[in-house]
Amino acid sequence: MKVAIVHEWFVDYSGSERVIEQLLHSFPEASLFSVIDFMPDSLRKHILHKPVTTTFIQNLPFARNHYRNYLFLMPLAIEQLDVSGFDVVISSSHAVAKGVLTHSNQLHICYCHSPARYAWDLYHQYLRESGLTTGLKGFLAKVILHRFRLWDLSTTNRVDHFIANSNYIARRIRKIYGRESTVIYPPVEVENFGVVAQKEDFYLTASRMVPYKRIDLIVEAFNGMPDKKLVVIGDGPDFEKIKVKAGKNIQLLGYQPFPVLKDHLQRAKAFVFAAEEDFGITPVEAQACGTPVIAFGKGGALETVTPETGIFFPHQTKQAIQEAVSQFEKNHLIFDKSIICEKSTRFNSVRFSDQIKQFVLEKYHEFQPTAQK
């Protein structure tokens, strides 16, 4: 069984790349394809140092740092990848990967992290935050995203089976694409964490600083609670804007290597999470450290946080976060570190590899008689 794995882009090591890493552990002989590949040498161990077949966008000006500006060319680019020599194509898709062209004797399985947020659910929010609601640039952006949606829908039938990374995403796949999917939660390396004896008196949030993660909202909430310390780990486009907002009780550490993140996750009193995320890996990592989670009660967090491991706030507002923190302060002693840690093990990497391999092999064997007719 020859397997091709198609990914959007290799530039760093985050949630979707962790899925690719575990797919390669399950199918080590698989070949990799992507729109672009600028992954640093220091991270290539996560893709087993495999070569990646890329598209013409790889060689366009400024593609290394501004590849997202070429979204309007990505549907064309992904269709130029030739995977015709493979039995099974697995696309890891949150934008265009599922649009790769396959023929009738190939099985195409899409692991869908999410239908493209900026083209669907977050379309109007994306235009507002990018300053693209008016003017010529705004008009062009709306035309490009309109055409992208049409193309995105047209590629749905290129996929034989969808896998969703959460029930939340399964509902979005049903709503947008009209397709059913099987839920297989993404891998979280919970075994790399662990519980420490003593928690300390600070709250933690950690994320890439982009608008929908709502780190700005968490900072604003803690500005109104000057007696409570907040530590923020992560960088991104919004870092400077958030830094200006932060009060004296808030410490912004920027990007930190894994050992520093792990240390803070282990020692924090609670982890605060305000995004409506597709799944959300960091809250699970916090739980692997025995750290309770204070999360926005929508999206994937509803599937990873339980009454034993944290509490929810109902709205993305400063007041809602402050009320949740106050509630947590009154009841934090009910949370048991060992129980919280144990709950995180249901998302471990071995579980993911076993489930994904079983799913692909079952669908391949079902597909074989059909392909041979």
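Please treat every number below as a calculation from the coordinates, not as lab data. It should be emphasised that the depicted structure is a prediction, and the values quoted were computed from it without experimental measurement. Cβ sites come from the backbone with ideal geometry, for glycine too, and all protein chains shown count toward neighbours.
One table, with the values for the structure above:
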read-out	value
Calculated FRET efficiency for the pair Asp263/Glu308, C-beta based, R₀ 30 Å, to 0.05	0.80
Environment charge of Phe56, counting only residues whose C-beta is closer than 14 Å and scoring Lys/Arg +1, Asp/Glu -1	-3
Pairwise FRET efficiency - Asn69 versus Ile339, Cβ, R0 = 56 Å, nearest 0.05	0.75
Dipole magnitude of the range 190-346, debye to nearest 20 (Cβ charges: Lys/Arg +1, Asp/Glu -1, about Cα centre)	320
Over 31 Å (Cα to Cα) - which of Lys98/Lys262; Lys262/Lys357; Lys269/Lys298 fall in this group	Lys98/Lys262
The chain, relative contact order [Cα under 8 Å, separation at least 6], %	14
12 Å beta-carbon shell around Gly236, net charge (K/R +1, D/E -1)	-1
Most to least packed among 156-165, 328-337, 12-21, 68-77 [average Cβ atoms within 10 Å]	156-165, 12-21, 68-77, 328-337
All Cα pairs of the range 105-226, percent lying beyond 22 Å	58
For the range 230-373: relative contact order, % (alpha-carbon pairs under 8 angstrom, 6 or more apart)	18
Ratio Rg/Rh [Cα only; Rh per Kirkwood] for the range 32-78	0.99
Net charge over other residues, Cβ less than 10 angstrom from the Cβ of Glu342 (K, R count +1; D, E count -1)	+1
Simple label model, 7 Å out from Cα along Cβ direction - Glu129 to Arg149, nm	1.9
Entries in Lys229/Lys337; Lys2/Lys50; Lys175/Lys318 that, when Cα-Cα distance is taken, lie over 24 Å	Lys175/Lys318
Estimated 222 nm signal from helices in the chain, with DSSP H stretches of n ≥ 4 weighted -39500 (n - 2.57), rounded to 500	-11500 deg cm²/dmol
Quotient of C-alpha Rg and 2.2 N^0.38 Å, computed over the range 247-301	1.17
